[in-house]
Each structure stands twice: as structure tokens, then as C-alpha cells.
Amino acid sequence: MLKVDEIDFVILEKHQTKDIVDGHENGVLTVIWRDWDKIIQKEPKMIYTSLVHPNETKGPHLHHHRTSFFVCISGKVMFVIKDKDGKYHEIESSEEKPTLIQIPKGIPSAHINISSQNSIVLTIADVSWKPNDNEMENVSFENYEWNKWEN
């Protein structure tokens, strides 16, 4: 597990898979979570995917009660995280270099699709979403340089 201030992340294991008949490589298996790795301390309560169109941004949001773990499983996204001191951190996750990023409750973040195709982000959360629970707050990163991601 790597750490930048209070944001944890880990580059995930990838394993080539092989055909059972002749042994040729037929794909890749990426380990996102195993209970014995102890990457996620609290039992997951919700797992979902979100699709992000090219050059689009999801967030920034702040979750009041939920810690989330994000990994890009298709395409490429840049996670922008604002720590408690107001400093911005950028962590990339992609299908080529899948990185699981932990965003603790109370830390706002956004993710930007920096590829020319749709990107898919898998999220594992320790609190499940409920309609009208007011657990999430939209925030703004006024002094962040969003335009550097424009194509």
C-alpha cells in the first residue's frame, strides 16, 4: 500500500491467463480485492461501476460517512483528491496500470476521463448508497487547474 498524506493507493496485481487447450495467452486477470490482503479494513457494503465519457469529470464530491475505493477497469482516469490541508493530489488509474485508490470519508475527490474512449470506474464502498440520505456533498475545487485536461 502506497500513501500520499491520508490517501492510500496500491498498484494491483495482473496475471496473464492461458487457454486450457493449447496454453496460449487469452487475457489478463486483475486482482482488485481479496479478504486476506487487508487492503479494505471494513467489509464492503456496495460495489458499483460508473461510466465516464471522454474528457468528462465526475465530481468533485465529498462523502461524509463513506470511504470509497476506486479503480479504473477500462480506459484511463485521473483522480484529483484535495487533502485536509487544501493540497491537490493526482493519481492515475487505467486498464494498463490498474491502481486502487482509497478516498477516506471527509476527503473530496473527482475523476476525469483522460482517454479518447469511455472509461469505466469500479467502486467499492464501506457504506451503501440510499436515496435521499444526504451522505454526499458536491463541492468545488476553485483553485484547481481543470483546463490542463482539456484536449
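Bear in mind that the values in this text are calculations on the coordinates, not laboratory data. Worth saying up front: this structure is predicted, and the values here are computed from it rather than measured. Glycine gets a Cβ as well: all are built from the backbone with ideal geometry, and neighbour counts include every protein chain shown.
Computed extension gain for K42 through Y88, at 0.36 nm per residue and net of the alpha carbon distance, reaches 14.0 nm. Contact order for the chain, expressed relative to its length and based on alpha carbon pairs under 8 Å spaced 6+ residues apart, stands at 31 percent. Each Lys or Arg adds one and each Asp or Glu takes one away; over the other residues whose Cβ falls under 12 Å from the Cβ of A125, this sums to +2. The distance between label points at E150 and H64 comes to 3.5 nm (points 7 Å beyond Cα on the Cα→Cβ vector). Residues considered: N132, N55, N118. Largest GNM mean-square fluctuation over the chain, using C-alpha springs under 10 Å, is found at N132.
Taking R0 as 22 Å, what FRET efficiency do you get between K14 and N118 from their Cβ-Cβ distance, rounded to the nearest 0.05? Rounded to the nearest 0.05, the efficiency is 0.55.
Stick to the Cα atoms of the chain, pair each with every other, and give me the Kirkwood hydrodynamic radius in Å at one decimal. Show your work: numbers first, answer last.
Details: mean 1/r = 0.0612 Å⁻¹.
Value: 16.3 Å, from the Cα pair sum.
Within the shell of other residues whose beta carbon sits under 14 angstrom from the beta carbon of V28, the net charge comes to -2, with Lys and Arg scored +1 and Asp and Glu -1. Taking label points 7 Å from Cα along the Cα-to-Cβ direction, T49 and E142 give a separation of 3.8 nm.
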